[in-house]
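The values are calculated or read from the model by the stated rules, or taken from the named source; none is laboratory data. The model shown is predicted, which means the values in this text are computed figures rather than measured ones. Cβ sites come from the backbone with ideal geometry, for glycine too, and all protein chains shown count toward neighbours. With ligands, DNA and RNA removed, areas are computed over all heavy atoms of the protein, side chains included. Shrake-Rupley method; radii C 1.70, N 1.55, O 1.52, S 1.80 Å.
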Amino acid sequence: MTRISVKVDGTTYQDEVEPRLLLIHYLRDRLGLTGTPIGCDTSNCGACTVDLDGVSVKSCSVLAVQADGGEVTTVQGLARDGEWTGLQKAFHEKHALQCGYCTPGMLMAARDLLRENPHPSSDDVRHALEGNLCRCTGYQNIVRAVLAASGQEVSA
C-alpha cells in the first residue's frame, strides 16, 4: 500500500491505496464521486476526463499514486455553491447532451481548451474534443455550446 494525499474538488484526502489503483476507481469507489463515468477503461472515449494539476487527463489511464500531492477537479467540482459555470449553462442551453454519458468528459476537455484558448474557432473546438467520443449528438451542439461559452454565438 502507498499513502497518498490529494486535493479533489477542494477537499484534501489522505488514503492508503494499492499502487496499481487507477484514478477513476479512486474517485468513484473510494471517494464516491460517481459523476465521472467509466466509459471504456482503455482511454479511448474520454468520458472519464478530469483535471489534474491544471491539465485534462483521462482518469482511466492515470494511477491514483500519480495524483499524490496534486489537485484534481472532477465534473462535480465545477459548480460552486450550486451555481453552474458558464460552460455548463451553455451545454444546457445549446442542447449539447442527450444521454449525458460523455458530458462530464466533454465539459472537462472544453474547460481545458477555454483556459488555453478563450476564443477558439469551431475547428479548434473540434480538435480539442477529438479524444472524447459522443455516441448521440453528432457533436454539432457540443461545438456550439463551447463557442457560446467563449462568448461567440453561432447560428445554425
Checklist entry - Hey, what's the chain come to in accessible area per residue, 1.4 Å probe, Å²? => result 51 Å²
Item to check | Shape call, segment 38-90: gyration tensor on alpha carbons, a/c limit 1.5 | outcome: oblate
Item to check | Net +/- balance of residues flanking Gly35 in space, Cβ distance below 11 Å, scoring K and R +1, D and E -1 | outcome: 0
Item to check | Debye log10 I(q)/I(0) for segment 76-156, one point scatterer per Cα, at q = 0.14, 0.26 Å⁻¹ | outcome: -0.39, -1.43
Checklist outcome for this item: Phi angles of segment 117-125, converted by Karplus (6.51 cos²θ - 1.76 cosθ + 1.60, θ = phi - 60°) into ³J(HN,Hα) in whole Hz with x for Gly and Pro, give 9, x, 10, x, 7, 5, 5, 4, 5
Checklist entry - Measuring from label point to label point, each 7 Å out along Cα→Cβ, what is the Asp123 to Gln66 span in nm? => result 3.1 nm
Next on the checklist: Let's test this: bin the Cα-Cα distances of the chain at 10 Å from zero up to the farthest pair and state each bin's percent.
Outcome noted: 12, 42, 32, 12, 2, 0
